[in-house]
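Chemist: Below are the structure tokens for one structure; questions will follow.
Computed from the coordinates by the stated procedures, all read-outs in this text should not be read as laboratory data. In this text the structure is predicted, and so the values were computed from the model without any measurement. FYI the Cβ positions are ideal-geometry reconstructions off the backbone, even for glycines, and counts take in every protein chain you see.
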Amino acid sequence: AQSVTQPDIHITVSEGASLELRCNYSYGATPYLFWYVQSPGQGLQLLLKYFSGDTLVQGIKGFEAEFKRSQSSFNLRKPSVHWSDAAEYFCAVGARGGSYIPTFGRGTSLIVHP
Amino acid sequence: EPEVTQTPSHQVTQMGQEVILRCVPISNHLYFYWYRQILGQKVEFLVSFYNNEISEKSEIFDDQFSVERPDGSNFTLKIRSTKLEDSAMYFCASRSTQGLDEETQYFGPGTRLLVL
């Protein structure tokens, strides 16, 4: 069964600084990978996804993520964080050829200082 | 852009009462899901539904839970006799079965359930 680890429970950055949120997964083959964002009181919004092809994927709101097979990682990045990016970020992995039910990580809470 | 909607946004109930959470999936989607997120914890899969039947369920989805698609647009989750530990945010999701987006689930805003 697949699993996801988000090693950072909280990340604090200053507005305008760069951001990297870590995600490591465990799966026997190439998985489907997702990043979702959950703003306070809101649902889960898909930021980006990786299925195949280019390992650097672009998402909404200026986010990107890079799939590194050798490191079993799918880290999320943004070059300049805005105060509105403060939210909970979830990495998820889905099995290929299965029911496409993603397994979520525990989430990383992003705090943005002005 | 089409989206998944859920009602109510918040529900407070007494332990032992029945609750029904409602979802309207994206109109051309055929797979529907329920997840829950206990405060401060992971999002957990409950059940998936396709072609008017449950296709997969987790161990959380016991006999107290049921799902139904009562008409062509709604998808409901019923908890027959709520327990304190059912307090959580419940998310509905749906996905298409065609094209480049086949693998992606789209989530609703959630219903926050509080059992007292």
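Chemist: Quantify how strongly other chains surround peptide B:33-42 by giving the mean number of their Cβ atoms within 10 Å of each of its Cβ atoms.
Modeler: Working: counts 4, 0, 4, 0, 6, 0, 0, 4, 3, 9.
Across the residues of B:33-42, the mean count of other-chain Cβ atoms within 10 Å is 3.
Chemist: At a threshold of 8 angstrom on Cα-Cα distance, excluding pairs fewer than six apart, so keeping six or more, what relative contact order does chain A reach in percent?
Modeler: Working: 280 pairs, mean separation 42.8, N = 114.
Relative contact order, chain A: 38 percent.
Chemist: Here is a further query. For B:LYS83, go through the lysines and keep the ones whose alpha-carbon is under 25 Å away, minus same-chain ones fewer than eight residues off.
Modeler: B:LYS42, B:LYS57
Chemist: Which of the listed residues, B:PRO70, B:GLN11, B:TYR106, is farthest toward the dipole's positive end in chain B, when Lys, Arg count +1 and Asp, Glu count -1 at the beta-carbon?
Modeler: Result: B:GLN11.
Chemist: Over chain A, what is the percentage of antiparallel beta bridges among all DSSP beta bridges, to the nearest 5? Spell out each step's value before the answer.
Modeler: Numbers: 33 of 38 bridges.
Given both bridge residues lie in chain A, the antiparallel proportion sits at roughly 85 percent.
Chemist: Now for a separate question. Please report the antiparallel percentage of DSSP beta bridges with both residues in chain B, rounded to the nearest 5. Working shown, then result.
Modeler: Numbers: 35 of 39 bridges.
Of all bridge pairs located within chain B, approximately 90 percent are antiparallel.
Chemist: While we're on this one: Give me the extension gain from B:GLU56 to B:GLN17: residue separation times 0.36 nm, minus the current Cα-Cα distance, reported in nm with one decimal.
Modeler: Working: separation 39, 0.36 × 39 = 14.04 nm, distance 2.58 nm.
Roughly 11.5 nm would be gained on extension.
Chemist: Right, something else. How much of the DSSP beta bridge set in the protein assembly as shown is antiparallel, as a percent to the nearest 5? Each step should come with its number before you reach the end.
Modeler: On the way: 68 of 77 bridges.
Looking only at bridges with both residues in the protein assembly as shown, the antiparallel portion is about 90 percent.
Chemist: Can you give me the Cα centroid spacing of the range A:59-114 and the range B:11-28 in angstrom?
Modeler: About 28 Å separates the Cα centre of the range A:59-114 from the one of the range B:11-28.
Chemist: Give, in nm to one decimal, the length gained when the segment between A:SER52 and A:SER39 is fully stretched (0.36 nm per residue of separation minus the Cα-Cα distance).
Modeler: Details: separation 13, 0.36 × 13 = 4.68 nm, distance 2.79 nm.
Working it through step by step, the gained length comes to 1.9 nm.
Chemist: If you don't mind, there's one more thing I want to ask. Per 5 Å bin, what is the whole-percent P(r) computed from every C-alpha pair distance within the protein assembly as shown?
Modeler: Percent of Cα pairs in each bin: 1, 7, 14, 18, 19, 16, 12, 8, 4, 1, 0.
Chemist: To the nearest whole number, what is the average tally of beta carbon atoms from other chains within 10 Å of the beta carbons of peptide B:44-50? All intermediate terms of the calculation are to be shown ahead of the outcome.
Modeler: On the way: counts 2, 5, 0, 1, 3, 0, 1.
Per residue, the number of nearby Cβ atoms from other chains is 2 on average.
Chemist: If the only charges are +1 at each Lys and Arg Cβ and -1 at each Asp and Glu Cβ, what is the size of the charge dipole of chain B around the Cα centre, to the nearest 20 debye? Provide the component values of the computation, followed by the final result.
Modeler: Details: 10 positive and 16 negative charges, 74 e Å.
The calculated dipole for chain B is roughly 360 debye.
Chemist: Under a cut-off of 21 Å between alpha-carbon atoms, report the lysines in cross-link reach of A:LYS68, not counting same-chain residues fewer than 8 places apart.
Modeler: Of all the lysines, those that pass the test against A:LYS68 - Cα under 21 Å, at least 8 places apart if same chain - are A:LYS49, A:LYS78.
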